[in-house]
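Peer 1: Below is one structure. I have some questions about it.
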Amino acid sequence: MRFFTWRSAPVLPWRALVSLPFIGLILGLAGPFGSYGIPVAERVGHFMLSVTLIGSASLIASYAVARHFFQGYWPLWAALLVDAALAVPGACVVYLSLRLIVPDVAAHLQPVQLLWQTALLALVFRAVSLLISWQRIRDAGQIKPAAPPADPSGLHEKLPRPLRAEPILALASEDHYLRVHTPKGEALIHMTMADAVAGLPQGFQVHRSHWVAEYAIKSVTGGRVELITGLSVPLSRHRRKAFETWLATRPV
């Protein structure tokens, strides 16, 4: 049963959402589930529409449930429950897509057939998502601050016990609360950004609502800073020059 308690930290990257139509295109060209007899244009259109809608719902639901009920670091059983809950709506999306694009095919489909096909696709996507998530957690777990910084603000003590020993990767202000990102999940605590940053010297406040740790930065592209976990935060224009100077002068 330990397998079902394995944890992952889903994120909601725009690249994943943008890639969904292309995944649908590949599936449409492959023609799985006996769909190869459908004309290519209709088949590709059906899979692009279905995969985009179902995949978007899965990504958004996974991120929301993990974030609001498991502080961003959820067990496998919860992920499978989300997949099960989306099976019927997903089957409806597939049916309506076929009804719209190839109504003759939709007329001969059985509900059970739609359900197992949708569930199988969901499991494949979930497996890929979990592998990516576990790799992010593994990579992020390997980064450590150069020296454990003092924590006069008491930030770590406000975190849930499983996260207190984890390095802080990023902070994000949300009204009167602060979302703290770690390799193994995130937590929402009652604290100001100014108080938290005062106890975390190894980083830079890239936006009035965002701070990132220097050891967590993976890349900087345009107005975004991407962390090793896949999290992407905004870089404000008036802080950009100071941030680039800080990046250039920090120890490697």
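The values are calculated or read from the model by the stated rules, or taken from the named source; none is laboratory data. Just so we're clear, the structure is a prediction, and the values are computed from it rather than from any experiment. Cβ atoms come from the backbone with ideal geometry, glycine included; neighbour counts cover every protein chain shown.
Peer 1: Can you run down the residue pairs with Cβ atoms below 9 Å, 6 or more apart or on separate chains, where the first is in segment 33-46 and closer than 13 Å to L98 by Cα and the partner is among the aromatic types (F, W, Y) and buried (at least 16 other Cβ atoms within 10 Å of the Cβ)?
Peer 2: Sorted first by the residue in segment 33-46, then by its partner, the pairs are S35/F47.
Peer 1: Tell me which residues, restricted to segment 89-114, are over 21 Å from P21 (Cα atoms) and either loosely packed, with under 14 Cβ neighbours inside 10 Å or at pLDDT 90 or above (or both).
Peer 2: Correct list: P103, D104, A107, H108, Q110, P111, V112.
Peer 1: Suppose we filter segment 130-179 for residues that are modelled with pLDDT of 80 or more and either at positive phi or among the acidic types (D, E) (or both); how many remain?
Peer 2: Qualifying residue count, segment 130-179: 4.
Peer 1: Just to be sure I understand the filter: pairs with C-beta atoms under 7 Å, separated by 6 or more residues or on different chains, first member in segment 1-20 and farther than 17 Å from F125 by Cβ, second member assigned to a loop (DSSP other than H, G, I, E, B) and not small (G, A, S). Which pairs pass?
Peer 2: Correct list of pairs: R7/Y73.
Peer 1: Tally time: how many residues in segment 29-39 are over 32 Å from the mean Cα position of the chain (by Cα) and either surrounded by 16 or more Cβ atoms within 10 Å (Cβ to Cβ) or at pLDDT 95 or above (or both)?
Peer 2: 1
Peer 1: Kindly indicate whether E244 is surrounded by fewer than 19 Cβ atoms within 10 Å (Cβ to Cβ) and under 25 Å from W74 (Cβ atoms).
Peer 2: It is false that E244 is surrounded by fewer than 19 Cβ atoms within 10 Å (Cβ to Cβ) and under 25 Å from W74 (Cβ atoms).
Peer 1: So, one more: Show me the helices (runs of 4 or more DSSP H) entirely contained within segment 8-114 in which 1 or more residues are in contact with a strand residue (DSSP E or B) (Cβ under 9 Å, 6 or more places away or on another chain) and within 30 Å of K158 (Cβ to Cβ).
Peer 2: Qualifying helices (runs of 4 or more DSSP H): 40-69, 76-101.
Peer 1: Please work out which residue is surrounded by the fewest Cβ atoms within 10 Å (Cβ to Cβ), limiting yourself to segment 232-241 and to residues that are within 26 Å of K184 (Cβ to Cβ) and at pLDDT 85 or above.
Peer 2: Only one residue fits best here, namely P234.
Peer 1: Please work out which one of (1) at pLDDT 85 or above; (2) in contact with a strand residue (DSSP E or B) (Cβ under 8 Å, 6 or more places away or on another chain); (3) among the hydroxyl-bearing types (S, T, Y) is the condition T229 fails and give its number.
Peer 2: Among (1) at pLDDT 85 or above; (2) in contact with a strand residue (DSSP E or B) (Cβ under 8 Å, 6 or more places away or on another chain); (3) among the hydroxyl-bearing types (S, T, Y), the lone unmet condition for T229 is (1).
Peer 1: Identify the residue in segment 115-140 that is among the aliphatic types (A, V, I, L, M) and loosely packed, with under 14 Cβ neighbours inside 10 Å and, among all such residues, is nearest to S8 (Cα to Cα).
Peer 2: Of everything passing the filter in segment 115-140, L131 is nearest to S8 (Cα to Cα).
Peer 1: Quickly run through segment 40-61 and pick out the residues that are surrounded by fewer than 19 Cβ atoms within 10 Å (Cβ to Cβ) and either touching a Leu at 6+ places or on another chain (Cβ under 8 Å) or on the phi > 0 side of the Ramachandran plot (or both).
Peer 2: Answer for segment 40-61, where residues must be surrounded by fewer than 19 Cβ atoms within 10 Å (Cβ to Cβ) and either touching a Leu at 6+ places or on another chain (Cβ under 8 Å) or on the phi > 0 side of the Ramachandran plot (or both): V40, S56, A57, I60, A61.
Peer 1: Being modelled with pLDDT of 90 or more, among the basic types (K, R) and not assigned by TED's automatic domain parsing to the domain that holds G230 is the requirement here; does R67 meet it?
Peer 2: So R67 fails the test.
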